[in-house]
């Protein structure tokens, strides 16, 4: 596995070694020992989540605060998404900056998003199955979010304005300036 830290400290792109032949492929999607050695993070994942979405869906920037903050290891099982991590760590030199990467069933890349970050994605293919591990359990009272079209973040979701599909809940999220962090 190759691991490369993004310009957002603690946020890593993981590129697994894939073994392919005429029967198909195999790769190790997670190995705790190797992950810790290559990233310096000792994440212990306790919850797996999976979602299915259609083209143009934008899942806005979501996060958990306080004791319920979550680190995530995200990947795409089917389709293609633009995955976005936003540094929300107060005092961080990259606070309010984001990193975006295309994750797909073809490239099999994963993104590790540390605690203190927000996360969202947009679907670029007709459909997408998205899978992620969390190192803390979800807690409704600790959830936070930022609206997808926040003028400060200026995220290009790579979705045509005519095809954007955002949930009612995500459309009601605050801007970064008004978000609870």
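Only the coordinates and a few stated rules stand behind these numbers; no lab work does. What you see is a predicted model, and the numbers here were worked out from it, not measured in a lab. All Cβ positions, glycine included, derive from the backbone under ideal geometry; neighbour counts span all protein chains shown.
Kindly state which strands (runs of 3 or more DSSP E) lie completely within segment 1-65 and contain at least 3 residues that are in contact (Cβ under 8 Å) with a residue 60 or more places away in the chain and under 27 Å from residue 126 (Cα atoms).
Qualifying strands (runs of 3 or more DSSP E): 12-15, 47-54, 58-64.
With the requirement that a residue be surrounded by 14 or more Cβ atoms within 10 Å (Cβ to Cβ) and at positive phi, what does segment 21-74 give you?
The one that is surrounded by 14 or more Cβ atoms within 10 Å (Cβ to Cβ) and at positive phi: 56.
When only residues in segment 119-157 that are touching a helix residue (DSSP H, G or I) at 6+ places or on another chain (Cβ under 9 Å) and buried (at least 18 other Cβ atoms within 10 Å of the Cβ) count, which is nearest to residue 42 (Cα to Cα)?
Across segment 119-157, the extreme among qualifying residues is 136.
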